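**Q** Quick one: this structure, given as structure tokens, is what I'll be asking you about.
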Amino acid sequence: MKNVVLTGIKPTGAIHLGNYFGAIKPIIQLSNQIDNEVNCFVADLHALNLIKDPNQLKLYTRELVASLLALGLSERSRVYLQSHIPQISELATLLMPYTSKGILNRAHAYKAKVETNLKKGRDVDFAVNMGLFTYPVLMAADILLFDGDSVPIGKDQIQHIEICRNIAESVNFSSNKTLFTLPKFSVDESVSTIIGTDGRKMSKSYHNTIALFSSEKQFRKAIFAIKTDAKGRNEAKDPENCTVFHLFRHFASEEQTRDMRQQYLNGISYGEAKQELFELANDYMGEPRKRFKHLMENQGKIDEILEKNQLVMIKVAKKKLEAVKPSMGLR
Ligand code: ADP
Ligand code: TRP
């Protein structure tokens with residue numbers, strides 16, 4: 001029996017090194033393990049909460065699919081768009097009456113918005129849309145529709161999985177059967193937080209990202225913009241507190257890391273260290289960049305993969321809804 005792994009990624013910006021090492025690379029590794037069946041979807045309905053420019057959303061969606069494929073997601077995996085499976089939205093509607101408002105009031109993304117509004121003396125609901133408020137219900141539908149065995153997520157998403165389990169239990173209890181499998185999340189503790197060019201967590205909200213699929217020139221420019229301390233050439237430097245070294249080790253072998261650590265102690269200049277990081281990372285990105293460019297120029301290829309997977313996932317989704325609806329008393 002294959003282990004069904006299911007996860008979603010929101011297309012809300014150009015993919016950066018944090019997204020790659022924190023979310024995409026672990027999924028790709030899971031997809032290349034023979035015992036796993038990986039369903040990885042682009043959470044475009046979730047992205048709509050943030051992005052209202054249609055062309056922008058289309059571009060980010062396309063880039064995310066191309067990135068997953070270019071970076072080596074196994075061909076056995078299913079990449080699909082959330083909006084291509086209407087049964088997900090239908091299930092989300094069906095789950096609403098089983099979801100208490102109180103639990104959504106406590107969901108972290110909504111709660112954080114409310115707290116910021118109150119702190120700034122604004123109306124509590126300023127800039128809050130119902131997509132954000134009901135986000136955990138749609139996320140529960142994403143998962144429950146396909147009976148995922150394990151859901152790889154970042155730590156911030158654990159609460160959403162707990163809400164999903166709570167909703168599933170509520171439906172199971174009312175229908176007096178195990179309609180939904182309670183999902184288990186997996187948080188990869190070995191995945192560290194990638195630091196951005198200003199020393200804070202890399203995030204598009206901080207404008208401190210290094211985009212994965214930018215041109216070679218932009219890639220170099222972003223790497224050379226990484227903030228360091230003011231130590232000059234030949235002064236011993238602390239690799240453990242340096243963003244350049246932190247990023248270098250994510251691309252490097254153990255031997256290359258050891259060698260670079262020694263060079264820090266020997267007083268390599270930050271300019272030289274950045275150049276070494278650039279060369280290593282640029283090399284690493286060489287083939288994926290070519291594949292990404294090719295896919296971005298051949299939308300037909302992306303569409304073909306998405307359509308094929310859409311058909312497979314819709315078939316599974318319909319079967320699930322056929323079991324769920326009568327169990328809720330719907331004809
Ligand atoms: P951003 O902070 O740029 O808006 P998202 O919230 O869209 O990024 O994150 C998408 C995925 O990438 C999530 O799974 C998240 O855990 C992961 N991720 C984002 N930034 C980092 C980072 N700096 N380090 C590790 N993982 C990250
Ligand atoms: N909420 C997740 C995030 O922000 C993305 C996501 C949407 C997801 N639906 C999902 C992840 C279902 C796992 C399973 O990163």
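**Q** Does S174 count as of a type in the set (G, A, S), loosely packed, with under 15 Cβ neighbours inside 10 Å and away from ligand 2 (no atom under 16 Å from the Cβ)? So that I can check it myself, show each step before the final result.
**A** Numbers: of a type in the set (G, A, S): yes; loosely packed, with under 15 Cβ neighbours inside 10 Å: yes; away from ligand 2 (no atom under 16 Å from the Cβ): yes.
Yes, satisfied.
**Q** Keeping to segment 67-113, report how many residues are touching a helix residue (DSSP H, G or I) at 6+ places or on another chain (Cβ under 8 Å), in a helix (DSSP H, G or I), hydrophobic (A, V, I, L, M, F, W, C) and over 30 Å from Q33 (Cβ atoms).
**A** Final tally of qualifying residues: 7.
**Q** Got a number for residues in segment 141-171 being within 9 Å of ligand 2 (Cβ to nearest atom), assigned to a helix (DSSP H, G or I) and under 16 Å from the mean Cα position of the chain (by Cα)?
**A** The total comes to 6.
**Q** Still on this model: So for segment 226-240 (the condition being under 26 Å from G72 (Cβ atoms) and either of a type in the set (G, A, S) or under 22 Å from the mean Cα position of the chain (by Cα) (or both)), does at least one residue qualify?
**A** No, segment 226-240 contains no residue that is under 26 Å from G72 (Cβ atoms) and either of a type in the set (G, A, S) or under 22 Å from the mean Cα position of the chain (by Cα) (or both).
**Q** Determine, yes or no, whether N309 is closer than 22 Å to S74 by Cβ, of a type in the set (S, T, N, Q) and over 23 Å from the mean Cα position of the chain (by Cα).
**A** Values: closer than 22 Å to S74 by Cβ: yes; of a type in the set (S, T, N, Q): yes; over 23 Å from the mean Cα position of the chain (by Cα): no.
Here the answer is no, as N309 does not meet what is asked.
**Q** Given the conditions (1) closer than 30 Å to F224 by Cα; (2) within 15 Å of ligand 2 (Cβ to nearest atom); (3) over 19 Å from the mean Cα position of the chain (by Cα), which single one is not true for G199?
**A** Failing condition for G199: (2).
**Q** Would you call T7 buried (at least 20 other Cβ atoms within 10 Å of the Cβ), under 15 Å from the mean Cα position of the chain (by Cα), within 14 Å of ligand 1 (Cβ to nearest atom) and in a helix (DSSP H, G or I)? Give the steps one after another, and end with the answer.
**A** Details: buried (at least 20 other Cβ atoms within 10 Å of the Cβ): yes; under 15 Å from the mean Cα position of the chain (by Cα): yes; within 14 Å of ligand 1 (Cβ to nearest atom): yes; in a helix (DSSP H, G or I): no.
No.
**Q** Of these, F41, F21, which one is more than 8 Å from ligand 1 (Cβ to nearest atom) and within 12 Å of the chain's Cα centre (by Cα)? Even if it seems obvious, please write down each step before you answer.
**A** Numbers: F21 fails: more than 8 Å from ligand 1 (Cβ to nearest atom).
Of F41, F21, the one residue that is more than 8 Å from ligand 1 (Cβ to nearest atom) and within 12 Å of the chain's Cα centre (by Cα) is F41.
**Q** When L118 is evaluated against the numbered criteria (1) of a type outside the set (V, I, T); (2) in the same structural domain as I158 (by TED's automatic domain parsing); (3) in a helix (DSSP H, G or I), which criterion, by number, is the only one it fails?
**A** The one condition L118 does not meet is (2).
Results for (1) within 16 Å of ligand 1 (Cβ to nearest atom); (2) of a type in the set (D, E, K, R); (3) surrounded by fewer than 18 Cβ atoms within 10 Å (Cβ to Cβ), shown as yes or no for each residue.
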residue: R76; (1), (2), (3): no, yes, yes
residue: H84; (1), (2), (3): no, no, yes
residue: R106; (1), (2), (3): no, yes, yes
residue: V124; (1), (2), (3): no, no, yes
residue: F133; (1), (2), (3): no, no, no
residue: A140; (1), (2), (3): no, no, no
residue: I143; (1), (2), (3): yes, no, no
residue: I153; (1), (2), (3): yes, no, no
residue: Q157; (1), (2), (3): yes, no, no
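**Q** Before we move on, is T193 farther than 30 Å from A323 by Cα, in a loop (DSSP other than H, G, I, E, B) and near ligand 1 (Cβ under 7 Å from one of its atoms)?
**A** Numbers: farther than 30 Å from A323 by Cα: yes; in a loop (DSSP other than H, G, I, E, B): yes; near ligand 1 (Cβ under 7 Å from one of its atoms): yes.
The answer is yes for T193.
**Q** Could you tell me whether segment 216-226 includes any residue that is part of a helix (DSSP H, G or I), in contact with a strand residue (DSSP E or B) (Cβ under 9 Å, 6 or more places away or on another chain) and either among the polar types (S, T, N, Q) or assigned by TED's automatic domain parsing to the domain that holds G22 (or both)? Don't jump to the end; show me each part of the working.
**A** Residues of segment 216-226 that are part of a helix (DSSP H, G or I), as a first pass: 216-224.
Restricting the remaining residues to those that are in contact with a strand residue (DSSP E or B) (Cβ under 9 Å, 6 or more places away or on another chain) gives 218-219, 222.
Then keep just the ones that are either among the polar types (S, T, N, Q) or assigned by TED's automatic domain parsing to the domain that holds G22 (or both); that gives 218.
Yes, some residue in segment 216-226 is part of a helix (DSSP H, G or I), in contact with a strand residue (DSSP E or B) (Cβ under 9 Å, 6 or more places away or on another chain) and either among the polar types (S, T, N, Q) or assigned by TED's automatic domain parsing to the domain that holds G22 (or both).
**Q** Can you spot a residue in segment 235-245 that is out of contact with any Phe, Trp or Tyr (no Cβ under 9 Å at 6 or more places or on another chain), over 19 Å from T197 (Cα atoms) and surrounded by fewer than 17 Cβ atoms within 10 Å (Cβ to Cβ)?
**A** Yes, that holds for at least one residue.
**Q** Residues in segment 165-183: is at least one acidic (D, E) and within 16 Å of ligand 1 (Cβ to nearest atom)? Break it down stepwise before answering.
**A** We begin by selecting, within segment 165-183, every residue acidic (D, E); these are 169.
This time we only want the ones that are within 16 Å of ligand 1 (Cβ to nearest atom), so: none.
No - not one qualifying residue is present in segment 165-183.
The values are calculated or read from the model by the stated rules, or taken from the named source; none is laboratory data. All values derive from a computational prediction rather than experimental measurement. Glycine gets a Cβ as well: all are built from the backbone with ideal geometry, and neighbour counts include every protein chain shown.
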